[in-house]
1. Within the bounds of the stretch 88-109, is there any residue that is over 25 Å from Thr171 (Cα atoms) and not β-branched (Val, Ile, Thr)?
2. Can you find a residue in the stretch 155-173 that is without any contact (Cβ under 8 Å) to a residue 12 or more places away in the chain and either farther than 30 Å from Leu253 by Cβ or of a type in the set (A, V, I, L, M) (or both)?
3. From the list Val207, Val213, Val170, which one is within 18 Å of Pro44 (Cβ to Cβ), in contact with a Gly (Cβ under 8 Å, 6 or more places away or on another chain) and at pLDDT 95 or above?
4. Would you call Leu10 in contact with a Gly (Cβ under 9 Å, 6 or more places away or on another chain), part of a helix (DSSP H, G or I), buried (at least 16 other Cβ atoms within 10 Å of the Cβ) and not small (Gly, Ala, Ser)?
5. May I ask you to list pairs of residues, at least six apart or on different chains, whose Cβ atoms are under 7 Å apart, with the first in the stretch 231-258 being touching a residue at least 24 places away in the same chain (Cβ under 8 Å) and the second being exposed (fewer than 15 other Cβ atoms within 10 Å of the Cβ) and not aliphatic (A, V, I, L, M)?
6. Go through Asp95, Asp48 for me and flag whichever is buried (at least 19 other Cβ atoms within 10 Å of the Cβ) and farther than 23 Å from Cys128 by Cα.
7. For Ser81, all conditions in the list (1) under 30 Å from Thr261 (Cβ atoms); (2) touching a His at 6+ places or on another chain (Cβ under 8 Å) hold save one; what is the number of the exception?
8. I need a count of the residues in the stretch 218-257 that are surrounded by fewer than 16 Cβ atoms within 10 Å (Cβ to Cβ), assigned to a helix (DSSP H, G or I) and among the small types (Gly, Ala, Ser).
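The values are calculated or read from the model by the stated rules, or taken from the named source; none is laboratory data. As the structure is a computational prediction, the values presented were derived from the model and not from experiment. Note that each Cβ is placed from the backbone with ideal geometry, even for glycine, and that neighbours are counted across all protein chains shown.
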Amino acid sequence: MDLKNTFGVLVDELRKKNPVIHAITNYVTAESCADVALAAGASPVMADEPEEVAQITAGADVLVLNLGTLNYTKQIAMERSAEVAKAKGIPVILDPVGVMTSNIRLDFALKLLNKGYISIVRGNHSECAALLDGKTGGRGVDNLTEGTEEGEALKTAKDAAAKFGCVFAVTGAIDNISNGKQAVVLNNGHPLLQDITGSGCMTTMLVAACAAVTKDMLVAAALGVVIMGQSAELAANLLEKKDGPGMFKVRLLDCVYHVTTKWNLVNLKPEEKVS
């Protein structure tokens, strides 16, 4: 698979199509998620009223379910939207924020997965491992373990993808993405991504934007992660000595725009693995 050229075609298609992303997301990162979608060429809508979500999803190109600020009403809205998306063949991207710390979150995420609603899961290693094992354990929503043993995060991605029949993108210092048979390993990004709110949620939105322009969910997940990683590297390079996480986040948004409008300048060397 010629990933760079494949990605280039899809990035062009993304900006031409201007796909609609229906995101039932969390209020902590909603603005950042909307901004990054717009910067990449997508059109976000963030409706979570249960009485209207089915209609909104039916008119969208892709659905994002982000569990960051989950409540009972949102669970109803998410299930209704997921049902419509499945019936219409609309990709559904799950961001399982903090599922390792809460039984309610974990049980709901597993319910969505077991009903076959989900096309791609984008989460950190702790979240994806919790889904795979069906167990909670931890404090807060940050990554507790990067899967530092060689191949650990890759194994989690492959095993979870095979178990649930969808693509898993396990993101971190090294990103491991698998459909259960094939895998892509990426080493892009910058440590400052850990110092801003919403980097994972924004990555999920980029994955969703890419899922709207291809039927290959492995490629979509990899491209979304690549756009974020390349944008982070470029943003960090633009910082001055006086700058920190605040300016990095501002630059990051600009760089998502530049990466998706000047793809020929991207320095991409993904490692493909086939099991």
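1. Step one: of the stretch 88-109, the residues over 25 Å from Thr171 (Cα atoms) are 88-89.
Cutting the leftovers down to not β-branched (Val, Ile, Thr) gives us 88-89.
Within the stretch 88-109 (the criterion being over 25 Å from Thr171 (Cα atoms) and not β-branched (Val, Ile, Thr)), the answer is yes, since at least one residue qualifies.
2. The initial filter retains those residues of the stretch 155-173 that are without any contact (Cβ under 8 Å) to a residue 12 or more places away in the chain, namely 155.
Subset that is either farther than 30 Å from Leu253 by Cβ or of a type in the set (A, V, I, L, M) (or both): 155.
Yes, the stretch 155-173 has at least one match.
3. Numbers: Val213 fails: in contact with a Gly (Cβ under 8 Å, 6 or more places away or on another chain); Val170 fails: within 18 Å of Pro44 (Cβ to Cβ).
Only one candidate passes the filter, namely Val207.
4. On the way: in contact with a Gly (Cβ under 9 Å, 6 or more places away or on another chain): no; part of a helix (DSSP H, G or I): yes; buried (at least 16 other Cβ atoms within 10 Å of the Cβ): yes; not small (Gly, Ala, Ser): yes.
It is false that Leu10 is in contact with a Gly (Cβ under 9 Å, 6 or more places away or on another chain), part of a helix (DSSP H, G or I), buried (at least 16 other Cβ atoms within 10 Å of the Cβ) and not small (Gly, Ala, Ser).
5. Pro245/Asp195
6. Values: Asp95 fails: farther than 23 Å from Cys128 by Cα.
Only one candidate passes the filter, namely Asp48.
7. So the condition that Ser81 fails would be (1).
8. 1
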